[in-house]
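See structure below.
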Amino acid sequence: MKPRDFRFKALLKYKTFIEDEMKQEFADVSERLDIEEKRLFALEEIWIRAVDGLKERQIKETPPHEIFMYHTYLQQLSLEMEIQRKRVLEAQRMYHEKRESLITASQERKIVEKVREKDAEGRVEQNNREDKKSMDETANNRYVRENC
């Protein structure tokens with residue numbers, strides 16, 4: 001008897017391909033999120049140093065135009081930080097979307113794998129039934145030959 005091939009082999013291959021694609025996309029988005037968070041952290045560090053510099057200049061006798069320049073610089077940094085926060089939020093949203101997509105793709109692949117396993121178990125059971133049937137038939141024939 002010829003062994004049957006798994007009938008959803010192509011589907012399993014496709015689901016595995018989709019899952020691999022989702023893993024790659026998730027890795028890309030995760031890397032982007034990490035980069036955006038690092039940029040925001042760097043801007044916040046620069047802003048903190050600038051505030052400290054402004055405080056030092058206010059303590060010392062500094063010309064007003066330098067203090068005005070610091071305020072202008074801090075306002076520009078605040079705007080850049082706000083833009084970067086929006087980028088981080090967008091990257092986080094994409095991260096969560098891709099994560100959910102990856103989880104879904106992984107679950108779908110696992111479902112097909114379970115179907116494959118059940119199919120294999122069914123084939124083993126079918127083979128066992130056929131073997132038992134042929135052994136019963138052989139034993140029955142032997143009994144008939146010897147006793148009749």
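Derivation of every value follows stated rules applied to the coordinates shown; laboratory data play no part. Just so it is clear, the structure is predicted and the values come from calculations on it, not from any experiment. Quick reminder, even Gly has a Cβ in these numbers, built from the backbone with ideal geometry, and neighbours come from all protein chains shown.
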For the range 65-81, pairs from a residue that is of a type outside the set (A, V, I, L, M) to a residue that is surrounded by 12 or more Cβ atoms within 10 Å (Cβ to Cβ), with Cβ under 7 Å and 6 or more apart or across chains, are E66/R57; Y70/A50; Y70/G53; Y70/L54; Y70/R57; Y73/A50; E80/L43
Restricting the range 98-127 to residues that are within 13 Å of the chain's Cα centre (by Cα) and among the charged types (D, E, K, R), the one surrounded by the most Cβ atoms within 10 Å (Cβ to Cβ) turns out to be K98
Reported set for the range 33-68 where residues are assigned to a helix (DSSP H, G or I) and more than 46 Å from the chain's Cα centre (by Cα) is E56, R57, Q58, I59, P64, H65, E66, I67, F68
Checked the range 5-40 for anything among the hydrophobic types (A, V, I, L, M, F, W, C), more than 21 Å from R99 (Cα to Cα) and surrounded by 12 or more Cβ atoms within 10 Å (Cβ to Cβ); matches are F6, F8, L11, L40
Margin query: Residues that are among the basic types (K, R) and closer than 30 Å to K15 by Cβ: does the range 96-103 have at least one?
Written below: yes
With criteria (1) of a type outside the set (S, T, Y); (2) touching a Ser or Thr at 6+ places or on another chain (Cβ under 9 Å); (3) without any contact (Cβ under 8 Å) to a residue 40 or more places away in the chain, R99 comes up short on (3)
When every residue in the range 105-126 that is touching a residue at least 12 places away in the same chain (Cβ under 8 Å) and not hydrophobic (A, V, I, L, M, F, W, C) is compared, the one farthest from D5 (Cα to Cα) is S106
Those residues of the range 72-93 that are within 24 Å of the chain's Cα centre (by Cα) and among the acidic types (D, E) come to a total of 1
